[in-house]
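**Q** Below is one structure. I have some questions about it.
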Amino acid sequence: MYADVYPGAKFYMFRAICHDWVDDDCIKFLGNTVKAMKPGYSRLLINDQVLPDVGAELHPTMLDMAMMTYFHAMERTERQWRTLLGRLGVEIVKIWRLETGGSEAIIETMLKE
């Protein structure tokens, strides 16, 4: 894991990984990275789907069904992301969404102070 090699890096990025894993597994691998983060400096960036709590579009809904069927995992809503990341001891600084719409986003987090 890069966190072992680069403690205190400016940022660590995970792209389209968490949706393949249940929360407990995400806690394990993201937790290893969080341990390497430098307070007030390091950022954890997660590029993944961030579904609305209700009224998701067809494509991300179908991705959610596929993740559930193949991996017993899911595409997460913003509320689910906040809960998961809160368990890790990080807080969401901002969710960067595409100007063109859709549910793909980058979740920017830092260690809670």
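**Q** Filter the range 61-113 for residues that are touching a helix residue (DSSP H, G or I) at 6+ places or on another chain (Cβ under 7 Å) and among the small types (Gly, Ala, Ser); which is nearest to Leu30 (Cα to Cα)?
**A** Gly89
**Q** So, in the range 41-53, of the ones that are open to solvent by less than 20 Å² (accessible area, probe 1.4 Å) and within 13 Å of Glu104 (Cα to Cα), which residue ends up modelled with the lowest pLDDT?
**A** Out of the qualifying residues, it is Leu51.
**Q** Could I ask something else about it? Which one of Lys38, Lys28, Lys10 is surrounded by fewer than 14 Cβ atoms within 10 Å (Cβ to Cβ) and in contact with a Pro (Cβ under 8 Å, 6 or more places away or on another chain)?
**A** Step by step, each of Lys38, Lys28, Lys10 is checked, and only Lys38 is surrounded by fewer than 14 Cβ atoms within 10 Å (Cβ to Cβ) and in contact with a Pro (Cβ under 8 Å, 6 or more places away or on another chain).
**Q** Of the numbered conditions (1) open to solvent by less than 70 Å² (accessible area, probe 1.4 Å); (2) assigned to a helix (DSSP H, G or I); (3) farther than 24 Å from Ser42 by Cα, Leu84 fails exactly one; give the number of that condition.
**A** (3)
**Q** Next question, about the same structure. What residue, of Gly102, Gly89, is out of contact with any His (no Cβ under 9 Å at 6 or more places or on another chain) and surrounded by fewer than 16 Cβ atoms within 10 Å (Cβ to Cβ)?
**A** Testing whether each residue is out of contact with any His (no Cβ under 9 Å at 6 or more places or on another chain) and surrounded by fewer than 16 Cβ atoms within 10 Å (Cβ to Cβ) leaves just Gly89.
**Q** Taking the options Ala56, Ala16, Ala73, name whichever one is buried (at least 17 other Cβ atoms within 10 Å of the Cβ) and within 17 Å of the chain's Cα centre (by Cα).
**A** So the residue among Ala56, Ala16, Ala73 that is buried (at least 17 other Cβ atoms within 10 Å of the Cβ) and within 17 Å of the chain's Cα centre (by Cα) is Ala73.
**Q** Would you confirm whether or not the range 66-73 contains a residue that is farther than 14 Å from Thr109 by Cα and part of a loop (DSSP other than H, G, I, E, B)?
**A** Yes, the conditions are met somewhere in the range 66-73.
**Q** While we're on this one: Working only within the range 90-113, note down all residues that are over 18 Å from Thr61 (Cβ atoms) and free of Cβ contacts under 8 Å to residues at least 12 places away in the same chain.
**A** Glu99, Thr100, listed by residue number.
**Q** Which count do you get for residues in the range 39-65 that are part of a loop (DSSP other than H, G, I, E, B) and either in contact (Cβ under 8 Å) with a residue 60 or more places away in the chain or within 20 Å of Leu98 (Cα to Cα) (or both)?
**A** 9
The values are calculated or read from the model by the stated rules, or taken from the named source; none is laboratory data. Computed from a predicted structure; not experimentally measured. Glycine also receives a Cβ, built like all others from the backbone with ideal geometry; neighbour counts cover every protein chain displayed. Ligands, DNA and RNA are excluded from the accessible area calculation, which covers all protein heavy atoms including side chains. Shrake-Rupley method; radii C 1.70, N 1.55, O 1.52, S 1.80 Å.
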